[in-house]
Structures are given as C-alpha cells and as structure tokens.
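J.: Dumping the structure here so I can ask a few things about it.
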Amino acid sequence: MTKLNKLKILFLLTIGSVTAQSQQLNWPVLKTYDQDHIQKIKMPIGGIGTGTISFTGRGSLEDWEIMNRPAKGFNPTLENRGPVKQKGPFFAIYVEDGQGKKQTRLLEGPPDESSYEGPWGAYSNQHGLPRFSKAIFKTAYPFGQVFLSDESLPVEVVVGAFNPLIPGNIDDSSIPMAIVNYKVKNTSDKSVTISIAGSIQNFIGFDGTRGKTIKNVNNIRELNGVKGIHYTTEGVDPESEQWGTMSFVSLNNGETSYRTAWQEMKSRWDKKRLDFWDDFSADGILEKRENKSANAPMGSIAVKNTLKPGEERNFQFLISWHFPNRQTWDKPGFQKHIKATVGNYYTTKYTDSWDVILKTLPRLNTLEDNTKTFVNALIKSDFPKEIKESALFNLAHLRTQLAFRIKSGHLLGWEGLFDTYGSCFGSCTHVWNYEQTTPFLFGELAKTMRDVEFGYATDDEGLMSFRVYLPLEEGQKWGKAAADGQMGSIMKFYRDWQLSGDDDFLKKHWPKVKKSLEFCWIDGGWDANKDGVMEGSQHNTMDVEYFGPNPQMGFWYLGALKATAEMADYLGENKFAKTCRNLYKSGSKWMDDNLFNGEYYEQHIQPPMSVNNVAEALIGATGPTKGVDYTSPDYQLGKGVLVDQLVGQVFSHIVGLGYLAKEEHIKKSLESILKYNYVENMASHANFHRSYALGDESALLMAAYPGERPEKPFPYFTEVMTGFEYTAAVGMLQEGLTDDGLLCIQNIRDRYDGKKRSPFNEAEAGHHYARSMMAWAGILAVTEFQYSAVEKSMKFTSKPGTYFWSNGFSYGTIKVENKLAELMVLSGELRLESFTLNGVGTKKLNSLLIKTEETIQIKI
C-alpha cells in the first residue's frame, strides 16, 4: 500500500512536519446484513460507463450487464434443453478432509425461498446444487464480502468482490472488470485439500435479449504469470452491439486445470453439468472436454491446493470485458428509428479484454489500496451512519448501465433502467438536476454533461431539449424544453464552473447559458412579463405542465437568476447581471408575499384562456393538446404541500448562493413537509400509482393536501420516491432540522434493507434511478462544505470532529477542533486563498498549494 508522505505542513506562525502512518487493513465494512436480509442484495461491480455484474448477498455473480444494455436477471445460460434453464456462471469448492471425505459445494449461501415455486419448480441460478448453509453479507461500497460457513465442512470461506473506485480518478474508476476473491480458512486440526473452480459461458453475441451466439471460441492463455481463458468469436458480426471479447483469469498458485468447453451433448437430455460436477468432485481437477458444435462454449478454471490446520489463503480471479459498439438510445417509442454506433470511451483505453487484464494487473494492489483509502476516509468520518450509507450505496448507480460514456468521452444517462432496456432516454435534465454524486466525485465527467446540455441540446433561441438525441449532432431534435430542467442546468453549470475553476469552460458555453435564461422571457414564455415569476406553461419533472406560479419552478428560476448574475459579473457583463438581480429580488419578494401561505409555498393555478401554439411547442408540452380545456387544467399541484418544493433552494445552499426567499419561510416549509407528507405506516395510505413503500414502512409522500385538493392532481401525488425524499431531507439538514432529516433518510434505508429490496438499487422509473444520487448532498449538508476553485476558497463546519470532503477533483479529510482545522489531501491537489470555519472566522492563506498526502493545520 502506498504510504502517506510523512510531510505535514503546519500552518500557524511557523511550518513544521509531523509523521503520519498508514497500514494494511482488511476491507472496510460499513454495514452487515444477516442471513434474513441478504436475498435481495445485488451490488454492482463494474466501472463507470463499462457495464456491470452484480455480486449478490449469497456470493454469486448475476445480472451480467456488460454488453451495452441493461440485463436484469440475465445469468448466461445458452444451448440447454429441458425445463431447468438456470445454469449460469458459478464458482464451486472441492474439499477433501484429513480422513479422505470429499465434498463439493457452490461457493454461495442459501437461495431465496421466494424462488422455490415456479412452473418447473425452483428457478434461482444453479438451484439444485449443494451450497453453504450460512451466509452473512458485509459491505462498504464498492467492497462486498459474503461470509460462508457450514457445520459439515472443515473450511470457512469469505467471498469478496469489488471494482476500483477513487474520487477524481476517472480512468481508475472506469475499469471493465470484476475482481473476485475467495479467502479459505481450514478450521480443522488436520490438513485439507481444496480446489476452487469457476465456470463462465462464452455468450458473446447475446446480451440477454438481443443478438445470437455464433461460432464463439475459448482459448487458454498463460503469459507472464497470467493464466486464464480468453473468450472471442468467429461468427458474431464485428459491427454489432453484442460483439467483443471477455477474459477469465486466475492469479493463483497451485495445480491449475482448464476446460475450454463442456461435454458435447449427444441426446435430448443435457448432462454437461452432471459430467462437470462428477469430474470436479472426484479430485478437484478438471479433465478436458471437446464440444466442436457449441456456439457458446463453457469455460472453466480450477485451482487445487492444500491448507494446513488453521491456515488461511486467498484465491483471486479477474473477469474483464470489452464491447466497443454501443449504439444510440433504443427505448421503444423514443429514438427507435435512429440507429448509429456512438461507441464506448472505455474501449478506447484497451485493445480487448485481455489488454484490460495486462494493464490493470501491475497496479491491482495499488488500486485496491487507493479504493480502501477513499472508503475508510468516508466511513470513519464523524457524520451519521445513515448519511454515509445513503451517499455511498447510491454511488453504485453511477457504475451500472444507467450511465455511459460515448467514444468522445461525454457522460450520458438514462433516468433509470428497466430489466432489458433503459428507462426514459436522453440525460433528462429535470431528473439529473437532482444528482449531486458525479460533480463532487468526478468533476470532469460532470462538465461533459454540461457540454452536452449547452453545446448540443440548446438551440440558437435558447431552447434546451430536456432530452438529448444521439449522435450528439442530432442533440436538439427532441425540441422540447422543461422549465425545471433548463433552470437547473444553469445552476449545475455554475456549480461545475465553481468546482473546476475552468474559465475556458465558462467562456465557451456562456453565450448559450445566457441565451437559455433569456428564453424565459420570450413571448408566451415562462416569464414573458419579466417580473421574476414563472407564470407560463411549465413542463416539469412531474411529466405535466404547471400553469401559474408555483414553488418548484419558482425556486429553480430564482436560483438560475442568481447564478447567472454571478457569472455575468465575473465576465464583466454588469448590465445583464443587474437585470438578473432585479428579477431575482422582485420574484423572491412576490413568492414570499403571494405563494407562502403561512406554512408552506403553494401553487396559484392560472389557466390560460388560449394557448399560443408556437409558444406551447417551444415551452415543451409533451402530451396531446387538442381538445384540452385550458381554462381548468388537470394535473396541477394547487394548494398541496409538495415534497420537493424547495429543490432550487437546496441547490442554492449547495453552491453557496444563499437564501432565495425569507429564511423563516424556508424553515417553516420544511417543518410543514414533515408535518403533512410524513406517513408513519404506509398500510394506512391509499396510493393510486406506483408503490415504492408499502406495509409498515415509513416515508414522505410526494404531496399532501391539508386543505383543498384539485380533483385530478399531478399524477404522482400519492407516491413515494427516494430522490424527492432526499431533497426534502437535505433541506432539513441545511436548516438545522437534523433529527427530522436523518429520520427521513433512515426510513429510506430501512426500506432498502436487503430483505425486501437491494440496498444498491433505489428505484423510481426503473432500477438505479439517477435522482436518488441526490443522497450525496447529505454529506455536503452535515459538513457545510463549500468549495470554489474560482475564488480558491473552502468553507466547512466548525462542529468538532473528523470529516470526509471531496470537490470532484481532489478529496481528503478535515479534523476540526476548537478554532483549529487539520486539512489533509488524500488524492489530487488543492490550492487555497482562504479557509473558513463557519461561525468562527476565515484565514487568508496566500495561494497555498496542498498536494497528495500532505496535511496543513489552519488556526483561525
């Protein structure tokens, strides 16, 4: 492990050095799930933009989503006859004890009892094979460990899987690989012989839904100490999305045996698996088989060793992949008629899957240590456990098929994922507005999303298509704007400029940023009378148009005005900055005077008597409009208490723009959200749409109506969705309503408990929904962290403790005690002109540069 540079710069009156120590640690653990809470656990272990494989709470590898598309439930199982189809990838262990007794087990815990009943009996992967009787799952993402034991076996096994994850280091966090470990301990007083075997089919050409395997080939490779099977194809179209390579490598000493194919099937009854099991169970060594007719041959590796009494040994395997031909969005009903290959950025870094192994292997220990350094820094911080869990576990979404990087390096994303295709295409602005994980961990990736929004999705009139087409040259063809999406994108641009300090980035996109705000003021627009209040037809994340002033759009607009004024001032456009500030002031006052009802902000429905068809098209109505009675529109908020009515305010605090309305009104509104929207027991609640909370679970409703309710409110008003709950909870934390905010976050995590739902898959319109990555803002709220690379300033809480921080380009820890802050950079570098402990004071630092593994002490 790379040890910390023993230099610490003491910034008081003098500068000195202090020794810092680091040592090898076991994998970090934030949370443990007992056997009753493991069956729904599926932890993604792919890199950013590479696809993923899920590591389950039982220790198996499932959901092989590596070919550019979602593939939930896909456990490659091809060329099987008969009703028992689930024969996907698996690992097994052969054990011979000191008295000659032989046993073979899957390296997995018990299957989910809910999978016992099906039309052909049980349907879980490898359901009929023996396995360990006990399993416990421990994790701190991206590390997962399953502790397996069985009273009838003389060994205990810890199955571990991860993929490197280092904030600020995009390439090291974007490796198309699953790293799997089997730590075996001899628990007996005699030597035991063991063998570990893994089997993975060559399914190149078939992604679980599309394509076909044709003449696939497995070859054994042993080169420079690397031993494994390389999976290729001689028949799949090299231009297809499912074409590529895979590799399966053993890094272990011991007697190694292989199969590049399983037994050829000569009857209608499939006995290949029986042949494998009998062969492996005989002595732990695999005999070779030939199967010249297989289009999808199985590949197996076994490693045999002897363990002395009490001895413990780790066995490591690597699985890599390389599928370069990603195509455009293909969700049915959206961009289905436009087909083009946009590629994958990760495949430009490697020639094939074996090259992934060769380039990663020399750095594997360093990558693991750097990942442990990050995770330990976060989980050992002095902020509440529910904050750590929600932020870290939702980070997993970024490493699924939710997000991808096309060949140009731009990051794009679906809203969520259905089982076999993406949910709602186009990096939807009004959904990704909420996401705070990418900018504070991988700032350069966030900037590419802004480049898409303002460089490709915004036209010369300032209309930003809230969904972007691919290829990016077609980006504006969606042609519809969303009020919240567009205003939020301006605030995101301001945030990412502040975090990066990249003035070229600002100057390049400023004309379109400015134009996108001016779009509010067009004839028939959101603020056509230019009074700082949105009144027009406002398409938004509720998938409807709001008519009339409302807090959700209103606060996004106020935040965008304030952010734009700051950027205009910086660029010397003082007149435009003054216009924005004047509109902000008048709009803020109007909302406080008119929309705040004494408890919360409400909507004033102002239905237009007629609709300008041109303006309507520009503003972004997405549903049918003919025959609609616009004098009494349906699907409005009205006098309801909206769970995320203050989302623009939450964002404003995150980026340091302060209050957008009266402080006392903001706090009161958050108190009212808890008062009216909180349901202690969902069994008593009537929900008429999708259910993400049920039974005795507690949650925040999308909207509540303590008084008058529209006959047909916006469609999701009875639902529960975690991204919106996090938004309200973060607002509570920002306003000092700490217990309330933590309660709301804990309720979410209690629902995703491993028994009912996976802790790594908060859903909304699909799996791994992007909005839930708002959870990262919980860390920002409790630490009061704000950073500006433009001003070279950092602000932090003065509450005593040790805390994690990250700004998208570097990360580290801060230890706060009295008026002293000890600031450590663990990765990257940090230049500061000033450092502030909130409520204590500010220290000028004269452009101090802090490099990786350096620490300074700052006395205020």
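J.: Which one is modelled with the highest pLDDT among residues in segment 62-90 that are buried (at least 20 other Cβ atoms within 10 Å of the Cβ) and small (Gly, Ala, Ser)?
T.: Restricting to residues being buried (at least 20 other Cβ atoms within 10 Å of the Cβ) and small (Gly, Ala, Ser), the top hit is Ala71.
J.: Taking segment 214-239 as the search range and keeping residues that are among the hydroxyl-bearing types (Ser, Thr, Tyr) and buried (at least 21 other Cβ atoms within 10 Å of the Cβ), which one is farthest from Ala340 (Cα to Cα)?
T.: Taking the candidates together, the pick is Tyr231.
J.: Restricting to segment 533-572, name every residue that is within 18 Å of Pro715 (Cα to Cα), surrounded by 24 or more Cβ atoms within 10 Å (Cβ to Cβ) and not hydrophobic (A, V, I, L, M, F, W, C).
T.: Of everything in segment 533-572, those that are within 18 Å of Pro715 (Cα to Cα), surrounded by 24 or more Cβ atoms within 10 Å (Cβ to Cβ) and not hydrophobic (A, V, I, L, M, F, W, C) turn out to be Ser537, Gln538, His539, Thr541, Glu545, Tyr546, Asn550, Pro551, Gln552.
J.: Can you run down the residue pairs with Cβ atoms below 7 Å, 6 or more apart or on separate chains, where the first is in segment 361-374 and of a type in the set (A, V, I, L, M) and the partner is part of a helix (DSSP H, G or I)?
T.: Leu367/Asp172
J.: Going through segment 636-669 one residue at a time, which ones are more than 24 Å from the chain's Cα centre (by Cα) and aromatic (Phe, Trp, Tyr)?
T.: Matches in segment 636-669: Tyr659 only.
J.: I would also like to ask the following. Considering only residues that are part of a strand (DSSP E or B) and either closer than 20 Å to Asn169 by Cα or under 25 Å from the mean Cα position of the chain (by Cα) (or both), which ones fall in segment 796-810?
T.: Selection gives Tyr803, Phe804, Trp805, Ser806.
J.: Follow-up question, since we're still on this one. Could you list, in sequence order, all residues of segment 434-463 that are out of contact with any Leu (no Cβ under 6 Å at 6 or more places or on another chain) and under 19 Å from Gln476 (Cβ atoms)?
T.: Arg450, Asp451, Val452, Glu453, Phe454, Gly455, Ala457, Thr458, Asp459, Asp460, Glu461, Gly462
J.: Please go through segment 494-514 and pick out each residue that is of a type outside the set (A, V, I, L, M, F, W, C) and either at pLDDT below 95 or touching a strand residue (DSSP E or B) at 6+ places or on another chain (Cβ under 7 Å) (or both).
T.: Gln498, Lys512
J.: Shifting gears a bit: Across segment 453-469, what is the number of residues that are touching a Ser or Thr at 6+ places or on another chain (Cβ under 6 Å) and surrounded by 24 or more Cβ atoms within 10 Å (Cβ to Cβ)?
T.: 6
J.: Considering only segment 91-133, state which residues are surrounded by 15 or more Cβ atoms within 10 Å (Cβ to Cβ), hydrophobic (A, V, I, L, M, F, W, C) and either farther than 20 Å from Ser54 by Cβ or touching a strand residue (DSSP E or B) at 6+ places or on another chain (Cβ under 6 Å) (or both).
T.: Matches in segment 91-133: Phe91, Ala92, Ile93, Val95, Leu106, Leu107, Leu129, Phe132.
J.: Hey, another quick one. Just checking, how many residues over segment 427-460 are within 17 Å of the chain's Cα centre (by Cα), among the β-branched types (Val, Ile, Thr) and over 21 Å from Met542 (Cα atoms)?
T.: Result for segment 427-460: 3.
J.: Something else: Residues of segment 462-481 being closer than 20 Å to Met553 by Cβ and touching a Lys or Arg at 6+ places or on another chain (Cβ under 9 Å), which ones?
T.: Gly462, Leu463, Met464, Ser465, Phe466, Arg467, Trp478, Lys480, listed by residue number.
J.: On the given criteria, is Thr718 in contact with a Leu (Cβ under 9 Å, 6 or more places away or on another chain) and outside any helix (DSSP H, G or I)?
T.: yes
The values are calculated or read from the model by the stated rules, or taken from the named source; none is laboratory data. Predicted model only: the values in this text are computed from it and were never measured. Methodologically, a virtual Cβ is constructed for each residue, glycine included, from the backbone with ideal geometry; neighbour enumeration extends over all protein chains shown.
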